[in-house]
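Visitor: What follows is a structure written as structure tokens; I'll ask about it next.
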Ligand SMILES: [Zn+2]
């Protein structure tokens, strides 16, 4: 009873003597319940101490990264886009949205330390962009990323292939490269400057698989894990000091991050994808196409044919961040980079729509109309998804295309036909008329987008 009375007095007189209301709440709850609930700010301090102790590299300057987006976006547009970018409502944990500016903080939920601010425009102004000056592809810069890698070695490593029970075999990375090379030749005929991230079956990164420094990539990856339960659990237990660091070193999730098990993941999903994003961003393309083929995986063998007919076209654009994907300052500023650039996001949707419509026609298949897992449907065949490349590539109309389902039994046999050959790595690889139809759809999709 006495404690409650004191509490009431504290509440009355505390408005200046305590810090934020979050601080106040946690102090009071600790005092009343004796629990070691820690404030969001203390969590931030402990997180930073852990990242620093284990050598996680500094995250750089967010403000400089975003300055060119000043006043491009409006408050209303951001509000309208949030459901596609942030379906679980994390945005306000690290940012304040005001009528004339967006302010983001380094310390989620306590919001004491400024990370960056971005002036917003009062009126929507979709100024004419580069791309609208073109009536044709002549002079346009187009980047194409053929997904994954190909050949026995890399297929074995990535698992991106499918097979039937008669030793017929299709490699997604090889199909994607063939489509990219064929598309490049067509686009160049219109005068486009085309960049392919790879022309061989091998990876894009210059690093060698067995030379990857797992410890270095683990330090880099650690910042992306700070909102995961294992990390949150540890920082709730120990104050800054030896106990905290020892706690991490003894933790299984932490040990796994720094273990050999992660070599493949760091090579394929961080180093190689990072190289693709960097090459494309440096090229500054008006149009970017990421070419993939999907699978509808049977439960027992993910590389086997689908047991049911399943074939759709779909595309991804930036958005749909999951809660734990707001962990690092880098991912948060990339989130804002896409959300505060209304024209490129809108262009990405238009490009995707055009590609979906044209692939539907040339392939005679439907657009995927359900958003599975962590995607958010914009319209049939066009979804937001926070993939490495939809996040890390920016300032371009980007469509990440899943052209069709190549382990659908009918597609598998169509794509396996040996109608033509193309030279890759000094060897002839056969490809099908079906793949030519894919290229037809991609080409006409890009043309229709540019001539809109
Ligand atoms: Zn793929």
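What follows is calculated from the coordinates using simple rules that are stated; it is not laboratory data. The model shown is predicted, which means the values in this text are computed figures rather than measured ones. Note: ideal-geometry Cβ built from the backbone for every residue, glycine included; neighbour counts use all protein chains shown.
Visitor: Calculate how steeply helix 433-450 sits against the longest principal axis of the alpha-carbon atoms of the chain, using the helix alpha-carbon long axis, and give the answer as 0 to 90 degrees to the nearest 10.
Guide: Once rounded, the angle reads 60 degrees.
Visitor: Compute the acute angle (0 to 90°) between the alpha-carbon long axis of helix 329-339 and the principal axis of greatest extent of the alpha-carbon atoms of the chain; round to the nearest 10°.
Guide: 60 degrees
Visitor: Here is a follow-up. Roughly how many nanometres apart are two label points built 7 Å out from the Cα toward the Cβ at residue 301 and residue 379?
Guide: A separation of 4.1 nm, rounded to one decimal place.
Visitor: Another question, if that's okay. Within 10 Å, count the other beta carbons around each residue, average over each peptide in 311-322, 281-292, 227-238, and list them highest first. Walk me through the numbers on the way to the answer.
Guide: Working: 311-322: 25.0, 281-292: 21.2, 227-238: 15.8.
Descending mean neighbour count gives 311-322, 281-292, 227-238.
Visitor: Hey, another quick one. If each DSSP helix of 4+ residues adds -39,500 (n - 2.57) and the sum is divided by the residues in the chain, what number results at 222 nm, nearest 500 deg cm²/dmol?
Guide: -13000 deg cm²/dmol
Visitor: For residue 193 and residue 213 in one chain, what is 0.36 nm times their gap in residues minus the Cα-Cα distance, to one decimal in nm? Before the final figure, lay out each step's value.
Guide: Values: separation 20, 0.36 × 20 = 7.20 nm, distance 3.53 nm.
Length gained, residue 193 through residue 213: 3.7 nm.
Visitor: Quote to one decimal, in nm, the extra length available between residue 284 and residue 37 on full extension: 0.36 nm per residue of separation minus the C-alpha distance between them.
Guide: Full-extension gain reported as 84.2 nm.
Visitor: Would you mind computing, in nm to one decimal, how far apart the modelled labels at residue 261 and residue 58 are, each placed 7 Å from Cα along Cα→Cβ?
Guide: In this crude spin-label approximation the distance works out to 3.4 nm.
Visitor: Here's something else I'd like to know. Can you give the direction-averaged projected area of the convex hull of the alpha-carbon atoms in the chain, in nm²?
Guide: With every direction weighted equally, the projected area is 25.4 nm².
Visitor: Based on the alpha-carbon set only, what is the convex hull volume of the range 400-452 divided per residue, in Å³?
Guide: It is 112 Å³ per residue.
Visitor: Hey, another quick one. So, by mean Cβ neighbours within 10 angstrom, what's the order for 195-207, 155-167 with the highest one leading?
Guide: Going by the mean number of other Cβ atoms within 10 Å, highest first, we get 195-207, 155-167.
Visitor: Using the beta-carbon distance between residue 253 and residue 157 and R0 = 35 Å, what value does 1/(1 + (r/R0)^6) give for FRET efficiency, to the nearest 0.05?
Guide: It comes to 0.90.
Visitor: Here's another thing I want to ask about it. Please figure out what share of the DSSP beta bridges in the chain is antiparallel and state it in percent, rounded to the nearest 5.
Guide: Approximately 50 percent, going by the DSSP bridge assignments.
Visitor: Starting from the Cα-Cα distance between residue 114 and residue 165, subtract it from 0.36 nm times their residue separation and give me the gain in nm to one decimal. Can you show the working numbers first?
Guide: Numbers: separation 51, 0.36 × 51 = 18.36 nm, distance 5.84 nm.
Gain on extension, residue 114 to residue 165, equals 12.5 nm.
Visitor: While we're here: Can you give the convex hull volume of the alpha carbon atoms of the range 63-119 per residue, in Å³?
Guide: Values: hull volume 4.5 nm³, N = 57.
Hull volume over Cα atoms, normalised by residue count, gives 78 Å³.
Visitor: Nearest 10 degrees is fine. How inclined is helix 75-85 to the longest principal axis of the chain, computing both from alpha carbons?
Guide: Here the helix axis deviates by roughly 70 degrees.
Visitor: Under 12 Å from a point placed 7 Å out from the Cα of residue 366 along the Cα-to-Cβ direction: which residues of the range 273-310 have their backbone N that close?
Guide: 310
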